[in-house]
Amino acid sequence: MFNQTIVIGNLTRAIELKYMPSGAAIARGAIATSHKYKTQDGSQKEEVCFLDFKVFGKPAEIINQYVKKGSKVMLIGRLVFEQWTDKDGGNRSRHTLRVEEFKFLDQNNQQPDKGNNQDYQYHDFPYPDIDCDVIPPIQEKQ
């Protein structure tokens, strides 16, 4: 089976960076993207999609350092279905994007290493402390 999603949009809030007891970083954020189209009657419509995402490991620290609310980014990853019980005992669920690659698209913000529009790619590996995949340190695409 194949599960890959590419989303280009703007961050809707500042990145939330936390650390697990093991020391591994987790960055959480949300991205908004839109699609404009014409209806049959000729009027313009716009669909906006909001999607939560997570980045793990060293890449979480990097994305936290270089982006802020409103930053334009491209996120590549896989959709993950999360389920939990809220504090009132209700069952909740949502899809989130587990980011495997990202690219900064803003032209005016300071970027790591060689300047603007750096690509970062990393691969999943199981991490014993959490029930998900964690991403090892980034490697530049050649």
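Just so it is clear, none of the values below were taken in a lab; they were calculated from the coordinates. Since the model is a prediction, treat every value here as computed from it, not as a measurement. Counting neighbours? That spans all protein chains shown, and the Cβs are built from the backbone with ideal geometry, glycine included.
Rounded to whole numbers, the Karplus 3J(HN,Hα) couplings from phi for the range 62-69 are 5, 5, 5, 6, 10, 10, 9, 3 Hz, using 6.51 cos²θ - 1.76 cosθ + 1.60 with θ = phi - 60°, and x at Gly and Pro. Under a 5 Å amide H cut-off, with hydrogens placed 1.01 Å from N, Leu105 pairs with Lys72, Val73, Met74 among residues at least 5 apart or on other chains.
For the range 1-109, the set of chymotrypsin sites (Phe, Trp or Tyr not before Pro) satisfying both a DSSP loop assignment and a count of at most 12 other C-beta atoms within 10 Å is given as Phe2. Across the range 7-15, computed HN-Hα scalar couplings (Karplus, 6.51 cos²θ - 1.76 cosθ + 1.60, θ = phi - 60°) run 10, 10, x, 10, 5, 8, 7, 5, 5 Hz from first to last residue, x flagging Gly and Pro.
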